[in-house]
1. Once you have a ≥ b ≥ c as the square roots of the Cα gyration tensor eigenvalues for the range 35-185, tell me rounded if a/c is under 1.5, and otherwise prolate or oblate according to whether a/b is larger than b/c.
2. Around Val141, under 13 Å between beta carbons, what's the net of Lys plus Arg minus Asp minus Glu among the other residues?
3. Straight-line reach from Lys576: which lysines have Cα under 28 Å away, leaving out those fewer than 8 places along the same chain?
4. What is the distance, in nm, between label points placed 7 Å from the Cα along the Cα-to-Cβ direction at Ile45 and at Asn681?
5. How much solvent-accessible surface does Ser184 expose, in Å² to the nearest 10, with a 1.4 Å probe and all protein chains in place?
6. Amide H of Cys375 versus every other amide H placed in the peptide plane: which residues, excluding those fewer than 5 positions away on the same chain, fall under 5 Å?
7. Starting at the first residue of the range 110-124, write each ³J(HN,Hα) from the Karplus equation 6.51 cos²θ - 1.76 cosθ + 1.60 with θ = phi - 60°, in whole Hz, x for Gly and Pro.
8. Starting at the first residue of the range 575-588, write each ³J(HN,Hα) from the Karplus equation 6.51 cos²θ - 1.76 cosθ + 1.60 with θ = phi - 60°, in whole Hz, x for Gly and Pro.
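The values are calculated or read from the model by the stated rules, or taken from the named source; none is laboratory data. From a predicted model like this one, the values you see are computed outputs, not experimental measurements. Quick reminder, even Gly has a Cβ in these numbers, built from the backbone with ideal geometry, and neighbours come from all protein chains shown. Heads up: the accessible areas ignore ligands, DNA and RNA and are worked out on the full protein's heavy atoms, side chains in. Shrake-Rupley method; radii C 1.70, N 1.55, O 1.52, S 1.80 Å.
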Amino acid sequence: MSRLFIIDASGYLYRSYHAISFMTNPQGDSTNALFGFIRSVLKLIKDFSPDHVVAVFDGPDNIKKRKAIYPDYKANRSEMPGDLRYQMDWAKDFCNFHGIPLLNIPEVEADDAMGSVADWAQDHFEEVFLCTSDKDMAQLVGNGVKLLNTHKENLILDSAAVEAKYGVPPNKIIDLLAITGDSSDNVPGLPGFGPKTATTLLQQFDSLEYILQHPEEVKGKKKQETIREEAEKAVISKKLVTIDIHVEIPRDIKFFQLKNEQSSELQQFYHRMNFTSLLKEQNLTEQSPVEKEEVDYTLVDDEKALEELIILLKEQKELCFDTETTALHPMEAELVGVGFCFEPQKAWYVPTNGKLGIDPVLKALKQLLENPKICIYGHNIKYDYQVMRNYDITINNICFDTIIASYLLNSSNRQHSLDFLTLHYFNKVKIPTSELIGKGKKQITMKEVPIQTVSDYCCEDVDYTCRLKQLFQKELKTRKLDKLFKQMEMALVPILANMERQGVFLDTPTLEVMGAKVIKELDNLSHQIYDLAGETFNINSPKQLSQILFDKMGIHPPKKTATGFSTNAEVLETLKAEHPIAEKVLEYRTLEKLRSTYIESLPEDVNRTTHRIHPTFNQFVTATGRLSCQDPNLQNIPIRTEVGRNIREAFRPEKKGWSYLSADYSQIELRLLAHFSEDPNLVSAFQNGEDIHAHTAATIFGVPIDEVTKEMRYRAKTVNFGVIYGQQAFGLARELGIDFGEAKTFIETYFQTFPNVREYVESCKEKARKEEKATTYTGRERAIPEINSKNPQIRSAAERLAVNTPLQGSAADLIKKAMIEIDKLLQKEGHLGYMILQVHDELIFELPDFEVPMIEPIVKSTMENTLKLKVPLIVNISIGKNWKEC
């Protein structure tokens, strides 16, 4: 069957621009609209395999003709955003590279060009699909022409479906639109006549012309008067909404034929836009010379071959090492095999589940990995370190990690997986893990995969890790990040590994008792909410809650989303002052999240062998340099709520006669702000040991410090921390519940009080504009190319990052440095106590009570003297029998 697909390219781009936010290429240019457009077009091609297609764009000066009919046509529309305009041009480039014919006719709107193509095409194709979500196009449906909305699960509307949806057949859609008008295009219509009224009238009177000529037949005097008075507007509206099907277009079937894609151009285009997922999905890397190169990958599965390999490997100064295991969590992983590489294109795999068995392999590994003269590196080497510790083997000389190197070089990039980096740097699609072990319920472990298959996979891993090391090592040196990489990030790897290995003890019976109390409280809250609502419903369902609040209870909805009225926390916060049900739902959600995320889930994370929780600390996730924690995230347990504090009570030392020691930096980011800005008022306040928030309040409000109220201090505290995160008047007003003008005045007074802080904030932004990056105290970099974006939202967010990154990033560097120094001292003096957690500005130690007097001064002194600032660093020490007491 011959089919033509006519794509509303401009519509796709506008829709994507507003649906996808904060997406940029490495140069900081917005790519959100382009990415969404490409995704939609590729989905269309995948779902329908068209032979004939055309992408239609609005032409230059496209509203000129309709402006001549009605000067106010689209007058309410703001100018196209600057960062959408160039994405329109890139979308045309994509069409050319992908072989998609396109139309961009001067002085012609996309609708008219699409209509003209559809009118011509119905005589040359059996089916014509108008790929759009624009209801105006429904007027063209019929004679083989259909609407196809790919954003609604490929919803296809023929004539019958159009009538079912809009209440009138396609030939009356123009009249329907003329009556209702269109606020987005500023088409006037008949004021007060909505879709329901318009549909009823057209079902009764057949046409707009008849209605205008016989207003007396319409029920209701007010409607009659409107028809008489606004008839001219309705006539004009009809002209505006009528699609012109007489535009000059190509009338050759060959023009609309889908051409062969230009693979190399498309590949470069995706690379330039940083669309790595598209590169991989479209298999554009298959033509890369890397795919065809000869590699020497060897499976070693007999004693002689292993002996020869070990002799060869012992001669090397550096070895790339990788483990294949049965589990993602290293403490639960069983070794299946190991891979080695010391030069590109050559690698070895030694299985532990083959002919050799595991014992000869472990014996050989111990000789290599515990040799301090051999430098061992890998990709996320901390995982491999942990796995080998399971077998009483300690890697003694870890010297490089490609995942950390990638992160240091590109901290603003969220993707540092080996698959991503291999594709990005070598245009090579690696063997995906899912290809070996499958997905979902049918997933197997690596132990069950054929050994040769695992060998090929593992050899590829170490080969490309070796190649990445060669690249990254040079770049780290060129960008002067090698010192930070070696002395801080790599030095931290074994420390974090030991923290993970020690783990944290969880008193599960305590948590169970707490869980029973929380369930009772949730039940009590549920009944209070049902009483206020007048019926029972699923409180966890946003849709049902929306119906209760906005339909049944008639509360005015402050925010609408694509799927209805929002009931998120922000909305409920604005409603709770006037509507008690909103406050109760917020309480319920907070409690339910604590129950499901922590009380119910934490016991499942307890290791059956060690009876402790072993979280993973990541060095390559947060763009500022902070450590992150997962499986489970123990950095995120709330402390402000009573239930959150009680959850912390369940974390305690495992042994009797032991305690927790918590060491917490006091207001570290504000102290760094004082150091960097050198503001005399801020510096003197810290040097004199004053309460900085009270000091700020006293200065701003012009009162003695002993007259500062709680409210004054709270406002000052909000501004102090708001400055760190680049908060503007709008955000402060929302935070404090005050009007915009008052918030603006408050911020202005703050900067008058601390003038050097304003200078510092502006200098951070200016430096970032010039260098397109922010830098921390130690030289850590975060790329911020978006700071020169034409999109004000993206630009504003980037400016906030420019201010916050040097502060939060320097604080992260500071505590990392302290961790390294403290670990050295604890190891040197042979203490039994050890570090178990890092929660941003806080370190937690588990130690025997008799060591508290010895370890406390070590921790405090080291943390306070790690860096010499213009203001003193203060560390608060707490000792407790559980985390809550700290």
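1. Oblate is the answer for the range 35-185, as a/c is 1.5 or above yet b/c matches or exceeds a/b.
2. Computed value for this residue: -2.
3. Excluding near neighbours in sequence, the set is Lys517, Lys520, Lys543, Lys552, Lys559, Lys560, Lys584, Lys593, Lys710, Lys717, Lys744.
4. Modelled inter-label distance: 6.0 nm.
5. The accessible area of Ser184 comes to roughly 60 Å².
6. Hits under the 5 Å cutoff: Glu318, Leu319.
7. For the range 110-124, the Karplus curve yields 4, 4, 5, 5, 5, x, 5, 5, 4, 4, 6, 5, 5, 8, 10 Hz.
8. 8, 5, 5, 9, 10, x, 4, 5, 5, 5, 5, 4, 4, 4
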